[in-house]
Structures are given as structure tokens and as C-alpha cells.
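Undergrad: Sending over a structure as C-alpha cells; questions will come in a sec.
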Amino acid sequence: MQRGNLSALYLFLFLFLFACTNTQHTLSRLPDDAVILAFGDSITSGVGAPPGESYPEILQRLINIKVIKSGIPGETSGEGLVRLPGELALHKPRLILLCLGGNDLLRRMDLEITARNVSRMVQMIRNSGAEVVIIGVPKPGLVLSTARFYITISEDMGVPLEGSLLPDILADSKLRADPIHPNAEGYHHLAQGLAAFLRKSGAVP
């Protein structure tokens, strides 16, 4: 195959994968006094970066809306499912950034159960009157890409999915503290990408 044809093929594959791992839905415009809940595990808590440099803290500075960091290192989707109702009742968020399932993948847990747990969390969030954006976590491997179950949930439930940021960050040694956590610069990239995602969805100006 000629070089020009190869370049065109690589571009097509990149755009195809990007489209598959990002689904942009319109979100309700958040009022200035709204609360966003960042709910997840060690990536949400900011492991790998200094204090004050987690993605929820950076995101709050970027969009000028309160973002509560609710991340528990090592938490699985099943544990998150149990914890979520209390956080919804306590903070009454208008929008949840849901980033769970990474520890299930690392521990090689049954991904059908993981998908069911994440789906139940999405439904629980909707039942509370809030909206949700899923942040996809990459499946371990030589080529990092968002685990397929996130894409399936997004398609089946009509949920916005940001599935390209974490795979891209964790594939770049300059942006990660270790193989599974971003460093401070990586968290800045994650927060900037999420801010752009929320602006494009209409949630923030």
C-alpha cells in the first residue's frame, strides 16, 4: 500500500476510534450555584499529583462552578454503587462525573457485573434528578482504549461519554505518574478536556 493511502487509513481509524469513544449529548445549562460531583476512585482523588492538583480541583478553577471531589482509591464499581446514594443525598449535585470501573479492570473482575453496576449508578443518578457524564477508563493492554462496556452503556442509555482523554493521557509517559495514574500535568489535561466537553454540551459557557 502506498504511503498516502496508509496515512489516509490511519487518519480514518483515528477518527473512527475517537467517534466511538466520545458521545456528546446536550446537557442542561448549569446555574452559577450548581454543584458538580466528581465520583470515582484514585483518579478522581488525584493519586499521582500534589495536593490541589486533582482533576476536580483544576476543573472547578476552569469553569467557576463548584466541583466536589469524591474519589476513594481502590474503590470498585460495586463499592461505588453502595456509596453513591449517600453522596447524592449529601451534596444534591446537578451533574455527576462518573469515573469508576478501573479497579474492576485491574483485578480482572467479571465485566458483565461491572457494566451492570455502572448502569445502576447511571439510573440512580437520573432518578435523583441529576445528569451524568461517564469518563471511560482504558482496558489494560499494549494499545490503550476505553473498555467496551462504557461505550455500550453510553449507547444503550443515551449517556454522554468522554472516552478518549484517559487512554491518551496514560499512553503518554510525560503525563502519568505511574502506569495507571496521571501526574499533575496529566490531570491538567484531563480537566481541560472535560471543561471543553462540558462547554460543547452546553452545560457551562
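The values are calculated or read from the model by the stated rules, or taken from the named source; none is laboratory data. Just so you know, these numbers come straight off a predicted model, no measurement behind them. No Cβ is skipped: glycine too gets one built from the backbone with ideal geometry, and neighbour counts run over all protein chains shown.
Undergrad: Run residue 192 past the list (1) of a type outside the set (Asp, Glu); (2) in a loop (DSSP other than H, G, I, E, B); (3) under 23 Å from residue 68 (Cβ atoms) and report the number of the one that doesn't hold.
TA: The number of the failed condition is (2).
Undergrad: If a residue must be surrounded by 15 or more Cβ atoms within 10 Å (Cβ to Cβ) and either modelled with pLDDT of 95 or more or farther than 23 Å from residue 181 by Cα (or both), how many such residues does the stretch 127-142 contain?
TA: 10
Undergrad: Hey, can you tell me all the residues within the stretch 182-201 that are without any contact (Cβ under 8 Å) to a residue 60 or more places away in the chain and closer than 18 Å to residue 138 by Cα?
TA: Result: 189, 193.
Undergrad: Turning to a different aspect of this structure: Given the structure, is residue 169 aliphatic (A, V, I, L, M), in contact with a strand residue (DSSP E or B) (Cβ under 6 Å, 6 or more places away or on another chain) and closer than 26 Å to residue 57 by Cα?
TA: yes
Undergrad: Follow-up. State whether one or more residues within the stretch 143-158 are out of contact with any Asp or Glu (no Cβ under 6 Å at 6 or more places or on another chain), part of a helix (DSSP H, G or I), over 29 Å from residue 92 (Cα atoms) and at pLDDT 95 or above. Show your work before the answer.
TA: Let us first name the residues in the stretch 143-158 that are out of contact with any Asp or Glu (no Cβ under 6 Å at 6 or more places or on another chain), namely 143-158.
Those still in the list that are part of a helix (DSSP H, G or I) too: 148-157.
Filter once more, keeping what is over 29 Å from residue 92 (Cα atoms): 148.
Then keep just the ones that are at pLDDT 95 or above; that gives 148.
Within the stretch 143-158, one or more residues are out of contact with any Asp or Glu (no Cβ under 6 Å at 6 or more places or on another chain), part of a helix (DSSP H, G or I), over 29 Å from residue 92 (Cα atoms) and at pLDDT 95 or above.
Undergrad: Of all the residues that make up the stretch 178-194, how many are touching a helix residue (DSSP H, G or I) at 6+ places or on another chain (Cβ under 8 Å) and surrounded by fewer than 17 Cβ atoms within 10 Å (Cβ to Cβ)?
TA: Within the stretch 178-194, residues that are touching a helix residue (DSSP H, G or I) at 6+ places or on another chain (Cβ under 8 Å) and surrounded by fewer than 17 Cβ atoms within 10 Å (Cβ to Cβ) number 3.
Undergrad: Picking from 78, 52, 86, 71, which residue would you name as being over 30 Å from residue 109 (Cα atoms), free of Cβ contacts under 8 Å to residues at least 40 places away in the same chain and among the small types (Gly, Ala, Ser)?
TA: Every option except 52 fails the conditions.
Undergrad: Could you tell me whether residue 203 is more than 13 Å from the chain's Cα centre (by Cα), closer than 23 Å to residue 60 by Cβ and assigned to a strand (DSSP E or B)? Before you say what the answer is, go through the steps one by one.
TA: Details: more than 13 Å from the chain's Cα centre (by Cα): yes; closer than 23 Å to residue 60 by Cβ: yes; assigned to a strand (DSSP E or B): no.
Here the answer is no, as residue 203 does not meet what is asked.
Undergrad: Only one of these is part of a strand (DSSP E or B), touching a helix residue (DSSP H, G or I) at 6+ places or on another chain (Cβ under 8 Å), closer than 24 Å to residue 168 by Cα and among the β-branched types (Val, Ile, Thr): 133, 118. Name it.
TA: Within the list 133, 118, the selection yields 133.
Undergrad: Another question about this same structure. If you take the residues of the stretch 103-115 that are free of Cβ contacts under 8 Å to residues at least 60 places away in the same chain and in a helix (DSSP H, G or I), which of them is surrounded by the fewest Cβ atoms within 10 Å (Cβ to Cβ)?
TA: Only one residue tops the list, namely 112.
Undergrad: Limited to the stretch 56-102, what total is found for residues that are hydroxyl-bearing (Ser, Thr, Tyr) and out of contact with any strand residue (DSSP E or B) (no Cβ under 8 Å at 6 or more places or on another chain)?
TA: Filtering the stretch 56-102 down to residues hydroxyl-bearing (Ser, Thr, Tyr) leaves 70, 76-77.
Next, only the ones that are out of contact with any strand residue (DSSP E or B) (no Cβ under 8 Å at 6 or more places or on another chain) stay: 76-77.
Number of matching residues: 2.
Undergrad: What do you reckon, is residue 122 surrounded by fewer than 16 Cβ atoms within 10 Å (Cβ to Cβ), free of Cβ contacts under 8 Å to residues at least 60 places away in the same chain and of a type in the set (A, V, I, L, M, F, W, C)?
TA: It is false that residue 122 is surrounded by fewer than 16 Cβ atoms within 10 Å (Cβ to Cβ), free of Cβ contacts under 8 Å to residues at least 60 places away in the same chain and of a type in the set (A, V, I, L, M, F, W, C).
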